1. If residue 27 satisfies all but one of (1) surrounded by fewer than 14 Cβ atoms within 10 Å (Cβ to Cβ); (2) free of Cβ contacts under 8 Å to residues at least 12 places away in the same chain, what's the number of the condition it fails?
2. Within the set of pairs 6+ apart or on separate chains, which have a first residue in the range 3-17 that is assigned by TED's automatic domain parsing to the domain that holds residue 76, a second that is among the aromatic types (Phe, Trp, Tyr) and part of a helix (DSSP H, G or I), and C-beta atoms under 8 Å apart?
3. Has the range 38-51 got any residue that is within 23 Å of the chain's Cα centre (by Cα), closer than 24 Å to residue 65 by Cβ and surrounded by 10 or more Cβ atoms within 10 Å (Cβ to Cβ)?
Amino acid sequence: MDELIQNIKNLAEVYSANLKGKIESRTEEMKADDNAHYLIYRVLGITLQEGQLIDQYQNTGRFLYKYAGSFLEEAATLCLNYKFPDGIKTKVENTIGQRPKTFEIDFLNANDAIEVKWRDATTDGDHITKEHTRV
């Protein structure tokens with residue numbers, strides 16, 4: 001169990017460093033962005049400084065959600081591997097339809113297939129159909 005805890009801590013350090021680097025890189029890129037959209041912000045009563053903060057937080061939030069989701073999925077897989085060492089990530093052929101050709105199974109342990117998700121914010125019709133077909 002100590003090894004699992006240490007692996008999750010190590011994973012968190014990697015994700016934290018990568019997230020920080022991505023935010024810093026995007027913050028630097030934003031300095032060269034076209035800021036024409038600030039005009040509509042001002043028309044709607046948002047000051048230049050508020051608009052810049054909104055854009056900064058929006059970009060930071062986008063990266064944070066992406067990295068948080070990926071981290072939690074990977075940490076959950078570490079836990080599953082700890083309990084079921086023979087489990088693997090694999091692809092299976094779609095025998096029901098033409099698209100997609102294959103489905104990725106996040107964790108397959110014998111006949112138990114587990115889909116690892118921290119949050120599913122994009123549950124449009126196509127996405128739901130794909131998930132039902134996968135099951």
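1. The number of the failed condition is (2).
2. Listed pairs, sorted by first residue: 4/82; 11/71; 12/71; 15/67; 15/71.
3. no
The values are calculated or read from the model by the stated rules, or taken from the named source; none is laboratory data. As the structure is a prediction and not an experimental result, all values here were calculated from the model. Glycine gets a Cβ as well: all are built from the backbone with ideal geometry, and neighbour counts include every protein chain shown.
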